[in-house]
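> Shown below is the structure under consideration.
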Amino acid sequence: MTILVTGATGRVGRHVVSQLLKRNASVRVLVRDPSKANFPAGVDVVQGDMLDIDALRAAFSGIRTLFLLNAVAGDEFTQALITLNIARESGVERVVYLSVIHSERFVNVPHFAVKSGAERMIDEMGFSATILRPAYFIDNELMIKDVILNHGVYPMPIGGKGIAMVDARDIAEVAAIELVRHDSAPGKLPIETINLVGPDTLTGSDLAAIWSEVLGRAVVYGGDDSTAFEQNLATFMPKWMAYEMRLMAERYVSDGMVPEAGDVERLTRLLGRPLHTYRAFAAELAASV
């Protein structure tokens with residue numbers, strides 16, 4: 001059967017498609033702009049989005065398994081629930097959903113609350129599912145590389161509790177493994193939840209120290225000021241989104257994104273290899289400039 005991938009042109013979705021093709025899966029993608037898709041031959045491309053009912057119905061034709069990824073947006077919850085309803089209407093019972101770690105705890109952060117609600121709907125609607133809960137993405141750091149490299153400041157208000165940052169390639173490979181497992185199962189599998197974390201739990205000061213070592217010069221941690229963080233973000237993104245990112249950063253500082261016991265070992269076994277590290281990412285980025 002064919003696996004439907006939403007969010008396929010994004011930083012995780014592209015890797016998911018690639019990993020599925022490596023596993024000889026038949027892949028269909030739902031994309032807003034096919035001209036930007038640029039997928040290998042054999043990937044079936046359907047134009048549309050998760051508010052386009054006709055496109056969703058076309059995309060789900062002949063599908064058994066869904067990878068549901070929808071980005072932070074003002075109507076993210078509506079997108080998720082419509083997609084899940086059309087999936088069920090189309091006879092799709094198997095889902096891998098990209099949620100977020102601590103979704104049930106950080107409920108004052110809108111996209112965490114959205115994902116917690118979508119997880120509940122997946123359960124209530126009777127899907128066979130794997131819920132993937134990633135921590136902070138390592139490649140978020142590409143947005144702040146200029147500040148780190150040119151000004152010697154690590155600017156994200158990460159705090160002192162620590163965050164187990166995860167590489168998008170690790171997220172995607174686990175997603176592909178779970179999609180194939182569900183798609184090839186003779187029947188519905190029970191719902192599972194997997195925390196997707198990196199091998200190291202790092203504080204803001206830890207991250208500044210890594211950059212100092214990699215660059216061979218001092219990089220300082222910019223501190224925990226969420227107000228300045230919001231004001232900076234609001235210069236290049238909608239103010240509602242900048243405020244939401246502030247709320248998320250405040251939970252980094254107050255709670256961290258700390259793995260549960262056994263999370264790293266479980267992922268290492270599942271992938272059959274070590275997890276990508278933040279230090280390797282920093283070294284690669286520094287060498288590329």
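The values are calculated or read from the model by the stated rules, or taken from the named source; none is laboratory data. Quantities reported herein were computed from a predicted structural model and do not represent experimental measurements. Every residue, glycine as well, gets a Cβ built from its backbone with ideal geometry; the counts of neighbours run over all protein chains shown. Each accessible area value is taken on the protein alone, full model and side chains, heavy atoms only, with ligands, DNA and RNA left out. Shrake-Rupley method; radii C 1.70, N 1.55, O 1.52, S 1.80 Å.
> Inspect all residues belonging to region 221-231 and state whether any of them is aliphatic (A, V, I, L, M) and either in contact (Cβ under 8 Å) with a residue 40 or more places away in the chain or in contact with a strand residue (DSSP E or B) (Cβ under 8 Å, 6 or more places away or on another chain) (or both).
no
> Within region 34-52, restricting attention to residues that are among the hydrophobic types (A, V, I, L, M, F, W, C) and within 22 Å of Leu179 (Cα to Cα), which residue is most open to solvent (accessible area, probe 1.4 Å)?
Looking at residues that are among the hydrophobic types (A, V, I, L, M, F, W, C) and within 22 Å of Leu179 (Cα to Cα), I get Ala41.
> Restricting attention to region 204-220, report how many residues are closer than 24 Å to Arg246 by Cβ, open to solvent by 30 Å² or more (accessible area, probe 1.4 Å) and over 25 Å from the mean Cα position of the chain (by Cα).
1
> Name the helices (runs of 4 or more DSSP H) wholly within region 223-289 that hold at least 2 residues that are buried (at least 16 other Cβ atoms within 10 Å of the Cβ) and under 18 Å from the mean Cα position of the chain (by Cα)?
Once the helices (runs of 4 or more DSSP H) in region 223-289 are filtered for at least 2 residues that are buried (at least 16 other Cβ atoms within 10 Å of the Cβ) and under 18 Å from the mean Cα position of the chain (by Cα), what remains is 239-255, 263-271, 278-287.
> Filter region 75-113 down to residues that are part of a loop (DSSP other than H, G, I, E, B), among the polar types (S, T, N, Q) and open to solvent by less than 20 Å² (accessible area, probe 1.4 Å), then give me how many there are.
Within region 75-113, residues that are part of a loop (DSSP other than H, G, I, E, B), among the polar types (S, T, N, Q) and open to solvent by less than 20 Å² (accessible area, probe 1.4 Å) number 2.
> State all residues of region 53-63 that are open to solvent by 60 Å² or more (accessible area, probe 1.4 Å) and in contact with a Leu (Cβ under 9 Å, 6 or more places away or on another chain); if no residue qualifies, say none.
Within region 53-63, none qualify.
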